[in-house]
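Asker: A single structure is presented below for examination.
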Amino acid sequence: MSPTRDAADPLWPRASAWITAQGTEERGRADIAVLGVPAYRTSITPTGAHATPAAVRDSLARYSTWATSRGFDVSSLRAVDLGDVTEPDGPDGEARVSLAASRAAEQCDLLVAIGGDNSITFPLVRGLFGGDLSACGLVTTDAHHDLRDGETNGSPVRRLIDGGLPGSHVVQIGIADFSNSPAYASRAREYGITVVPRAALRGAVLSDLITRAIDVASAGGLPVFVDIDVDVCDRAEVPACPSAAPGGISADELRQIAFACGRDPRVRGIDIAEIDATIDAPDRRTVRLAALLVLEAAAGLCVRKGLGADG
């Protein structure tokens, strides 16, 4: 049993204390950095996703840094919280997000951005890779293609491709039946996107699948960004994801994916998006899952850096 929120136990260190707000200029280069991007105003479905970064940070206090099944502690990593981007939906908001991602790229080996809706993926990728979208790849775990026209949470993948990201460098995992349209499925084919539908995940070895996806997205060694849209999960497990449907993947499967992405040296950034903390279940299961995704990515990074065995 974990300690209550008010209990102070020096033998049960909390993840929230490990990811500190102290600047990297005081600690040197970080292994992993957390950045809040509370975007929500352009969402197709009205959302309170701007409340999610704070809710996820709060949920980190519920967890320790010890990975029992792997036998190591993620606090062996140097971790920093870079705070939230101010008004990411406001005037020049995307420029601020890109600037924050660019600075993070200079400060850490792995950036984990907490949304906010899925619109954050576009400025994060643009900033993290210096604006040259031809020299990177993208893996999404998402029930949706996100290829809509306009500038919303339904359009980041199309905007990145229009901005120079080759469609052949994009892999979309978990695309769901009855959650897309023939027009956008056709657009995905025209762009050359590799689509892995939800049905293909049943019985798959997820670590192998993620490695193959990153192989495609990296196109022989390019750095890769991973967009974790949590609505890829079953709606019963993520009630705070407005567009999640029954029959999505499990929370455990998504945790496996986050670990596999953190472990791969080609992955430079991950976002966790499409959670509306204001409509979560009373037990806060969705934001607690998001906090665990941060920790799973960190555990993968420990393996990447040789700080723990891949158990």
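The values are calculated or read from the model by the stated rules, or taken from the named source; none is laboratory data. Remember, predicted model here, so these are calculated numbers, not experimental data. Neighbour counts are summed over all protein chains in view; Cβ atoms, including those assigned to glycine, are modelled from backbone coordinates with ideal geometry.
Asker: Of all residues being hydroxyl-bearing (S, T, Y) and either touching a Cys at 6+ places or on another chain (Cβ under 9 Å) or surrounded by 15 or more Cβ atoms within 10 Å (Cβ to Cβ) (or both) in the range 64-93, which is farthest from T42 (Cα to Cα)? Just the residue, please.
Answerer: S76
Asker: Take the range 221-274 and flag every residue that is part of a strand (DSSP E or B), under 16 Å from A291 (Cα atoms) and β-branched (V, I, T).
Answerer: Once the filter is applied, which keeps residues that are part of a strand (DSSP E or B), under 16 Å from A291 (Cα atoms) and β-branched (V, I, T), the range 221-274 yields I228, I270, I272.
Residues are listed down the side, and each one gets a yes or a no for (1) modelled with pLDDT under 95; (2) of a type in the set (A, V, I, L, M, F, W, C); (3) in a helix (DSSP H, G or I); (4) closer than 19 Å to S119 by Cα:
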{"site": "T278", "(1), (2), (3), (4)": "no, no, yes, yes"}
{"site": "P282", "(1), (2), (3), (4)": "no, no, no, no"}
{"site": "A290", "(1), (2), (3), (4)": "no, yes, yes, yes"}
{"site": "L293", "(1), (2), (3), (4)": "no, yes, yes, no"}
{"site": "A298", "(1), (2), (3), (4)": "no, yes, yes, no"}
{"site": "C302", "(1), (2), (3), (4)": "no, yes, yes, no"}
{"site": "G308", "(1), (2), (3), (4)": "yes, no, no, no"}
{"site": "G311", "(1), (2), (3), (4)": "yes, no, no, no"}
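Asker: Being surrounded by fewer than 22 Cβ atoms within 10 Å (Cβ to Cβ), outside any strand (DSSP E or B), among the small types (G, A, S) and modelled with pLDDT of 95 or more is true for just one of A17, A51. Which residue is that?
Answerer: A51
Asker: Any idea which of (1) without any contact (Cβ under 8 Å) to a residue 24 or more places away in the chain; (2) outside any helix (DSSP H, G or I) is the one E106 doesn't satisfy?
Answerer: (2) is the only condition that E106 fails.
Asker: From V238, V226, grab the single residue that is at pLDDT 95 or above, under 14 Å from the mean Cα position of the chain (by Cα) and aliphatic (A, V, I, L, M).
Answerer: From the options V238, V226, the qualifying one is V226.
Asker: Right, here's the next one. Given the conditions (1) touching a residue at least 24 places away in the same chain (Cβ under 8 Å); (2) farther than 20 Å from V226 by Cβ, report the number of the one that A143 does not fulfil.
Answerer: Status for A143: all satisfied but (2).
Asker: Identify all residues within the range 194-209 that are in a strand (DSSP E or B) and of a type outside the set (V, I, T); write none if there are none.
Answerer: P197
Asker: Could you check, for the range 205-220, whether at least one of its residues is charged (D, E, K, R) and under 19 Å from H50 (Cβ atoms)?
Answerer: no
Asker: So, one more: Test E274 against the stated conditions and say whether it is on the phi > 0 side of the Ramachandran plot and either at pLDDT 95 or above or among the small types (G, A, S) (or both).
Answerer: yes
Asker: Another question about this same structure. Which one is nearest to the chain's Cα centre (by Cα), of the residues in the range 22-41 that are at pLDDT below 95 and more than 13 Å from R103 (Cα to Cα)?
Answerer: The selected residue is Q22.
Asker: V56 fails exactly one of the following numbered conditions: (1) in a helix (DSSP H, G or I); (2) modelled with pLDDT under 95. What is the number of that condition?
Answerer: Only one criterion in (1) in a helix (DSSP H, G or I); (2) modelled with pLDDT under 95 is unmet by V56, namely (2).
To keep it simple, each residue is scored yes or no on (1) modelled with pLDDT under 95; (2) among the hydrophobic types (A, V, I, L, M, F, W, C).
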| position | (1), (2) |
| --- | --- |
| A95 | no, yes |
| D117 | no, no |
| V125 | no, yes |
| D132 | yes, no |
| H144 | no, no |
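Asker: Only one residue in A258, A273 is closer than 25 Å to G137 by Cα, in contact with a Leu (Cβ under 6 Å, 6 or more places away or on another chain), buried (at least 18 other Cβ atoms within 10 Å of the Cβ) and touching a residue at least 24 places away in the same chain (Cβ under 8 Å), so which one is that?
Answerer: Step by step, each of A258, A273 is checked, and only A258 is closer than 25 Å to G137 by Cα, in contact with a Leu (Cβ under 6 Å, 6 or more places away or on another chain), buried (at least 18 other Cβ atoms within 10 Å of the Cβ) and touching a residue at least 24 places away in the same chain (Cβ under 8 Å).
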